[in-house]
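See structure below.
The values are calculated or read from the model by the stated rules, or taken from the named source; none is laboratory data. Everything quoted here is computed from the prediction, not taken from an experiment. Every residue, glycine among them, receives a Cβ derived from its backbone with ideal geometry; neighbour counts consider all protein chains shown.
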Amino acid sequence: MRYCNTIKVYHRCGGCGRKRQFINTGRFRVNANGKNVDVWLIYQCIKCKHSWNLTIYERKQPSKIPADEYQKFLENDEVLAYRFGNDMAFLKRNKAEFE
Ligand SMILES: [Zn+2]
């Protein structure tokens, strides 16, 4: 990976059953749900690789998402992924613990 996050993120892992550090995979998941889409950024447990999806958009109309940004989600744009990974407000919204 060419980019890295300086913020260490912790979350209770559903795989390990305890609090673990989670790593930004640099990949997005886009799920069309009728007329709306959900977009997540995927993190992974450092220990067991259990994934944890952090919500970027929830039930959002695709027309409300900037087209260039939407394209980057589909292409798993690493720069954008790591920008989210350094966004404290985004991490807080997802109830991530970090240092
Ligand atoms: Zn785990």
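Residues in segment 80-94 that are at pLDDT below 95 and surrounded by fewer than 12 Cβ atoms within 10 Å (Cβ to Cβ): Met88 alone. Restricting attention to segment 58-76, the residues that are out of contact with any Leu (no Cβ under 9 Å at 6 or more places or on another chain), surrounded by 12 or more Cβ atoms within 10 Å (Cβ to Cβ) and closer than 9 Å to Val39 by Cβ add up to 3.
Among the helices (runs of 4 or more DSSP H) confined to the chain, the ones with at least 3 residues that are touching a residue at least 60 places away in the same chain (Cβ under 8 Å) are located at 78-85. Provide a single number: the residues in segment 79-98 that are in contact with a strand residue (DSSP E or B) (Cβ under 6 Å, 6 or more places away or on another chain) and aromatic (Phe, Trp, Tyr). Residues that pass the stated criteria total 2. Residues in segment 12-28 that are near the ligand (Cβ under 9 Å from one of its atoms) and either of a type outside the set (Lys, Arg) or over 16 Å from Asn94 (Cβ atoms) (or both): Cys13, Gly14, Gly15, Cys16, Gly17, Arg18, Phe22. Has segment 47-61 got any residue that is in contact with a Gly (Cβ under 7 Å, 6 or more places away or on another chain), within 15 Å of the ligand (Cβ to nearest atom) and either at pLDDT below 95 or not hydroxyl-bearing (Ser, Thr, Tyr) (or both)? There is at least one residue in segment 47-61 that is in contact with a Gly (Cβ under 7 Å, 6 or more places away or on another chain), within 15 Å of the ligand (Cβ to nearest atom) and either at pLDDT below 95 or not hydroxyl-bearing (Ser, Thr, Tyr) (or both). If the condition is being surrounded by fewer than 18 Cβ atoms within 10 Å (Cβ to Cβ), touching a helix residue (DSSP H, G or I) at 6+ places or on another chain (Cβ under 6 Å) and closer than 18 Å to Gln71 by Cβ, then segment 1-57 contributes only Val30.
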